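Read through the structure below, which is laid out as structure tokens, and then see the notes.
The values are calculated or read from the model by the stated rules, or taken from the named source; none is laboratory data. These numbers come from a predicted model, not from an experiment. Here the Cβ is made from the backbone with ideal geometry for all residues, glycine too, and neighbour counts use every protein chain on show. Note: areas computed on protein heavy atoms with side chains; ligands, DNA, RNA excluded. Shrake-Rupley method; radii C 1.70, N 1.55, O 1.52, S 1.80 Å.
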Amino acid sequence: MSENTNSGKAFLILAILMLLGGLVFGLLASFVYIDSQFLKDTLGFVALRPMHVSLVVFWIIIGASGSVLTALQDIKPKSLNPKLLYIHILCWLVAIIGVISSYLKHDFGGREYWEFNPVWALPIAFSWILYLIQFFAVAKTIEKWPVYIWMWMTGGVFFLFIFSENYLWLFPYFREHFITDMTIQWKVNGSLVGAWNQLIYGVSFFLMDKISGNKNVGQNKTAFFMYFLGLFNLMFNWGHHVYTLPTANYVRYIGYTVSMTEWILFIRIIINWKKDLTTAQKHFHYFPYRFLLASEIWVFLNLTAALFMSIPAFNIYTHGTHFTVAHSMGTTIGINTMILLAACFVFFSNACHSYNKSTKILNTTFWILQFSLFTFWLSLKLAGIKKGIWQNSSTQSNYHQLMQSLEPYFIVFVIAGVILLITLSIFGVTILYNHYACKIKTSSSIQTSNSTTI
Amino acid sequence: MSFKPLYIFIALCISYLLYTAYIYTMPIYKVQKGKQENTKAGNGKLVWQKFNCQSCHQLYGLGGYLGPDLTNVYSNKGENVIKAMVASGIKAMPAFTLSDAEQNNLIEFLKQVDASGSGDYRNYRVTSFGMIELP
């Protein structure tokens, strides 16, 4: 990647730091599941959970927008405004410091997943406006947008719209009855994920375009069909989050019907598996590609589970259980994180480290990561199934007994979580270390050559 | 080909905005109580958020997974037990210090949640279409 992509990389570095922080707080929060007194009198689960969630969400959205900005710099060198980029990253730093201090002081107030004091939503929204200004300034100069430009535009615009919608509860009209409030809350939560998925899947298309050298990847009709299917689901499938909520029936029926269109994706994966396998064999030697391949396998696993979860008759067995947590973890780590790591490895390849081929350590770490993630995911799925049976059972034990019976699954989940933390940290630290080591090496060799010339 | 994605995009966006506007303007849940109770319950939701109860507890299965679902805690446990639990804490739940107004608003909120329906899925009926009917 050229030096033109440097300012975009600053966002990726910040994103990697968020990932490392998010993993540490996630692990600390998971300890509470096996020791209820863990950090109870200091941070407590009440702060550990949002700290974990917010930092991981920041990894995803800063990583996704950073990848887009880096890619735009690669497509149109020197096209981004450096001053706006500085203000943009400054906004994020203010937001991150504000959010973390809000949690440390137990100064909550927001809704689930955005529990920090709502004032810190302002720098996030402002940073997003700056992202859109930069994006459109470059995008308008590109003729015949490939599908990933459409996805980046959609993800960016919708994120800002939905993020603003997320704060409607500040107006009494919207929170007067909690059913209305919760319906809007889950409309937002469902669609926000759809918005950042548009950004990340766009990055995936861009990377495949780059890796394969086939420009058709981003221009063919199937890619556009998949994009519109994703957009359609982003807009209308969120009702599947609130099947059990006594909201209007049309919300449930629209959510159910639209969610079922995702069977098209499922069938497409099955039909194309042989073709995809050939592509995988062709590019497998290229290390960053392995993360894209892993993300596709995780798409298949999570999509299969999601399709069943979207059928209300099944949903009452999975809703409110760890089966759903497994889905969130499986998609954020298995899909989003894998694609973002692929992007980081591509964007951070330089004269010192090309990452074209994996070292033994990176290769082993990759496989340990996949196995630990699968164990992590499976332990949560099984705990979820057990809770699902409990909540529909006619002879229901009390909640404390249920949680005790789930402890073996939580122990496996915590152990797998420790391994996930170690493996993901190895990747994060490797990228950062090699990046800075190369910078130091390059600048010292330039200095040496200058002094020799003099 | 170049103009077609834009048309589809605009059509989808218009549908989405109409759907969104419909949800905002049509009351999803018919409020039957007086204005004062609604305001109290609305403020109680803010107390719920202020103390981040959602990080451990669920309402209609939505929320954290460490503690139990509290959809019908008002009718199952009663006001006094809720107040005692909040003040003393239990297991991973710390003791919370709420003002009288906060406590009353929180109770009003949980009362509103409780009155809205049942969070017990055993009472739900599955239809032939795979849909569920709420009690």
Exercise for the section: State whether the residues of segment A:206-215 include one that is of a type outside the set (Asp, Glu) and either surrounded by 23 or more Cβ atoms within 10 Å (Cβ to Cβ) or within 12 Å of chain B (Cβ to nearest Cβ) (or both). Expected result: yes
Practice task
Answer yes or no as to whether residue A:406 is farther than 24 Å from residue A:6 by Cα and open to solvent by 30 Å² or more (accessible area, probe 1.4 Å).
Solution key: no
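This table checks each residue for (1) touching a residue at least 12 places away in the same chain (Cβ under 8 Å); (2) outside any loop (DSSP other than H, G, I, E, B); (3) buried (at least 20 other Cβ atoms within 10 Å of the Cβ).
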| residue | (1), (2), (3) |
| --- | --- |
| B:65 | no, no, yes |
| B:75 | yes, yes, no |
| B:82 | yes, yes, no |
| B:97 | no, no, no |
| B:102 | yes, yes, no |
| B:105 | yes, yes, yes |
| B:109 | yes, yes, yes |
| B:113 | yes, yes, yes |
Exercise for the section: Please state which of the following conditions residue A:101 fails to meet, knowing it meets all the rest: (1) in a loop (DSSP other than H, G, I, E, B); (2) free of Cβ contacts under 8 Å to residues at least 12 places away in the same chain; (3) of a type in the set (Gly, Ala, Ser). Expected result: (1)
Problem - Verdict on residue A:45 being buried (at least 24 other Cβ atoms within 10 Å of the Cβ), within 10 Å of chain B (Cβ to nearest Cβ), more than 19 Å from the chain's Cα centre (by Cα) and within 24 Å of residue A:402 (Cβ to Cβ) - result: yes
Exercise for the section: Kindly list the number of the only condition in (1) away from every other protein chain (no Cβ under 14 Å); (2) closer than 18 Å to residue A:192 by Cα; (3) in contact with a Phe, Trp or Tyr (Cβ under 9 Å, 6 or more places away or on another chain); (4) not hydroxyl-bearing (Ser, Thr, Tyr) that fails for residue A:111. Expected result: (1)
Fill in the blank from the handout: Checked against (1) open to solvent by less than 10 Å² (accessible area, probe 1.4 Å); (2) closer than 18 Å to residue A:65 by Cα, residue A:123 satisfies every condition except (1)
Problem - Criterion violated by residue A:194 - all others in (1) free of Cβ contacts under 8 Å to residues at least 40 places away in the same chain; (2) open to solvent by 10 Å² or more (accessible area, probe 1.4 Å) satisfied - result: (1)
Handout entry: Some residue of segment A:364-371 being over 22 Å from the mean Cα position of the chain (by Cα) and either within 29 Å of residue A:291 (Cβ to Cβ) or among the aliphatic types (A, V, I, L, M) (or both)
Key = yes
Practice task
Have a look at A:213, A:230 and point out the one that is of a type outside the set (A, V, I, L, M, F, W, C) and modelled with pLDDT of 90 or more.
Solution key: A:230
